[in-house]
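Here's the structure, in structure tokens; my notes come after.
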Amino acid sequence: MQILDGKLTSEQIKAEIAEQVSAIRARGGKIPHLAAILVGNDGASETYVNNKVLACERVGFKSTLVRMDDSVSEAELLAKVDELNCNDEIDGFIVQVPLPKHIDEIKVTLAIDPEKDVDGFSPTNVGKMVLGLPTFISATPNGIMELLRRYNIDTVGKHCVVVGRSNIVGTPMSLLMSRNTNPGNSTVTMVHSRTHNMAEICRSADILIVAIGKANFVTPDMVKDGAVVIDVGVTRLPDVTRPSGFRLAGDVDFEAVKDKCSFITPVPGGVGPMTIASLLQNTLKAQDLRKLQEKSCSNN
Ligand code: GUN
């Protein structure tokens, strides 16, 4: 069994990005600038967003964190999105989800300028991804593709089972793995909460990608000998022995499954850091795109 080390790989990607930022700085170009909107005080979201901001600092990007109270109205949040859309200094931005229940996430996603949508969540960018056009691919699936690429995992003609059908991970992931690309060219099955024979289907996977959000959901009976297992899940489980009061668990029962796998991602240190590296790559791309189009908001 070999670990797919997302932490190490993301460090390599960040070093490559930092070099590109140094070159931009040396020629007096604009330093890429990522903004993040964080609504409320959800502990996990705070950690994710803080890590995104820290990663920006690490590669030399500028970053702006916009914090809003969880009582913020939908209209106020939409106004903030509009402000960032029109701020030429910001190359790309994200609105961390989940949002409080009184805010319509789809409405917010639709309000983000697709050319600044470095999360790749907008219908325009999802549509471009479906058609195989250049676009921002959402950070988690893109990070997984990059991890498979950098470890030279052979995906051609393999059976890839994607567990979960979320807009952010499962759906784009299944599409990317089926494309005529490398990695890609897999035969993909997507399974979800209503699937019959879940264990049997998972057991037929050469590549098993799990994004269902249930701690330790995948057990050894669901894994083929020699499978490549990618674990997207991050659940906080109460743990009184830790100062934080919790420990992180993936969707895969790592200890029980690891010896069956040819490759497996750990949690933490697998997909999570790759998601952040991917977001930075998208931000760099956003800046290139804006330079090409010299796009500016009409009300600026
Ligand atoms: N919440 C969990 N993952 C993500 C992500 O990749 N982007 C945003 N905006 N919110 C998230």
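Here, each number is a calculation from the coordinates, and none is a lab measurement. Nothing here was measured: the structure is a model prediction, and the numbers come from that model. Because the Cβ atoms are built from the backbone with ideal geometry, glycine has one as well, and the counts that use them run over all protein chains shown.
The label-point distance for Asp69 and Thr241, in a model that sets each label 7 Å from Cα toward Cβ, rounds to 4.1 nm.
Between the amide H of Phe246 and those of Asp239, distances stay under 5 Å, these residues lying 5 or more places away or on another chain, with hydrogens modeled in the peptide plane. The relative contact order of the chain comes to 21 percent, based on Cα pairs under 8 Å that sit 6 or more residues apart. Shown in residue order for the stretch 114-123 are the 3J(HN,Hα) couplings computed by the Karplus curve 6.51 cos²θ - 1.76 cosθ + 1.60 at θ = phi - 60°: x, 7, 10, 7, 6, 6, x, 8, 6, x Hz (x for Gly and Pro).
Most simply put, the chain has about 10% antiparallel DSSP beta bridges, counting only bridges with both residues inside it.
Using the average count of surrounding beta-carbon atoms within 10 Å as a protection proxy, the listed peptides 237-247, 117-127 rank, highest first, as 117-127, 237-247.
Summary of packing: across the peptides 250-257, 198-205, 22-29, the per-residue average of other C-beta atoms within 10 Å ranks them, highest first, as 250-257, 198-205, 22-29. When peptides 99-111, 222-234, 131-143 are sorted by average Cβ neighbour count within 10 Å, with the highest value leading, the order is 222-234, 131-143, 99-111. Taking 0.36 nm per residue of separation and subtracting the current Cα-Cα distance, fully stretching the chain between Met1 and Asp225 would add 79.6 nm. For the stretch 125-130, the Karplus equation 6.51 cos²θ - 1.76 cosθ + 1.60, evaluated at θ = phi - 60°, returns couplings of 6, 5, x, 5, 4, 4 Hz by residue, with Gly and Pro reported as x. Charge dipole (Cα centre; +1 on Lys/Arg Cβ, -1 on Asp/Glu Cβ; no other charges) of the chain amounts to roughly 500 debye.
Compared with the dominant principal axis of the Cα atoms in the chain, helix 74-85 is inclined by about 70°.
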